[in-house]
Structures are given as C-alpha cells and as structure tokens.
Amino acid sequence: MMELKKLSDCFPTGTFTGFLASMTDAPWASGDHAASDDDIDRLDVLYVFQHSGDKYVVPLMKMFLDENGQLTDTTLAEAANMALALWGKKWANLWEVQNAEYDPIENYRMNEKETTTPTGTETTTDAMTGTDTTRTQGTAANNETETSVYGFNSANPVPASVTSQKSDYSAGTTFGHTNTNTKTFTNRKTERELERSGNIGVTTSQQMLQSSIELQRWNFWLQVFEDLDTTFCLDCY
C-alpha cells in the first residue's frame, strides 16, 4: 500500500521555501501592485502550515520529492511552474480584480473623443478711417521771395521783383485704408472629449454597495490556496 504523505512533510525541517515564493512569473511577483517578499513569505507559511499542511499530497507530488521525501529548490520551482501553467491566466485576471480601483455607486462610464480636420479658406479684412485735425491754415504758411538788382556804380540795391508763395493747409482732411488677407488652411485638427459617468438607474446605489461588500469578503489568496490544493493535495484528510 502506498504511503500517504502530508504537504507539510514535503518541506525541509527548520527551513521554508513555499510555492508562492517560487512563482517568479506570478501576477503578484511584479508590477505596480506587486506583493513584498515579506508578505509572500508569510502567505507561504499560512498556506502550508495552517491552510493545507495536514492534507495528503497527490501521487503526482511525489515525483518532485528527493530521496528524503522532501522538496528541493529545483523541484519546488518545477512544481510552482506546473501550477502557473494551470492557473496563471486565471490568477492574473483575479489579481486585477483584487487591485481594481472603482466607485462603488457608479455603474456607467463612457468616454467619447471626436477629431475633425476641416479644409477651407479664411478671409479677414482690416479697415481704418479717420480725420486729420493737426493741420491748420495761417499766415505762417506764406512764403515771399524778393529779388534786387544794383545799378551801375551804385552801392544800394533796387528791388526788381517779389515772388509770393502760399501753402494752404486745410483742416479736417479725411483719410483711410483697407487691408484684406486671405488664408487657405488644410488639416486644421480639432479635438473634443466628452466623459459621462454615474448611475443609469438599473441598479440602486444600495444594491451596488452591497455587491461591493460581497467583493471585499472574497479573498484572492484563499482562491490561490484552493487552486494549489486541487493540483497537489487530496480532497480527504
């Protein structure tokens, strides 16, 4: 008759290297929500010596034991990799649920993003008009030029002609100009983002809070322990 062996007997006396610590590719081993080494060590102890240590291992487990009937670092890693092959994807999905951040009374969220790239021509006209009030009419604007000649053997000049010039500055001169600019544009990108969230009314806030409480009662690690038991332990004690 085959001797039944308990899970706790598979680990060297005085030392402990657990399944969880050997699963270096597990979802809790890396990433933003990675568990600390100390937490993993405590969970290992909890799994083997409290949760499942008294359970008998399946015959498959014995292929990982050495001549002393215990796991080595190498065979423990092989057993851990077998568990990851069976449960790794499920654990990864549940790990995201375990660490998800959410509003317990929100059951609706939609993000809508719209991008447009219009093409066309844009014309702008700048016009300026006004009145010049700085110019005035006055005598200061008159200019006279006198031309004189000297007679033979005379020391005194005799006026010959006078030329008069007058500049007439009119006040209130109106001025103005118009400037027109035309621009052609293509691929003028416009983005608009709209977010909606809240409760759409199919479930009351109290019901959603109750569901959140039930989720908090669920424990990720106990699920992992149950999956490991399915792989390495018998159902009976």
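Every number here is computed from the coordinates shown, using simple stated rules; none is lab data. Just so it is clear, the structure is predicted and the values come from calculations on it, not from any experiment. As a convention, Cβ positions derive from the backbone with ideal geometry for all residues, glycine included, and neighbour counts pool all protein chains shown.
Partner lysines whose Cα lies under 29 Å from the Cα of K55, excluding those fewer than 8 positions away in the same chain, are identified as K5, K6, K89, K90. Listed by chain and number, the lysines whose C-alpha is less than 22 Å from the C-alpha of K113, apart from same-chain residues fewer than 8 away, are K189. Between D66 and E112, residue separation times 0.36 nm minus the direct Cα-Cα distance comes to 10.6 nm. A simple spin-label model places the labels of R192 and E3 7.8 nm from each other, with each point 7 Å out along Cα-to-Cβ.
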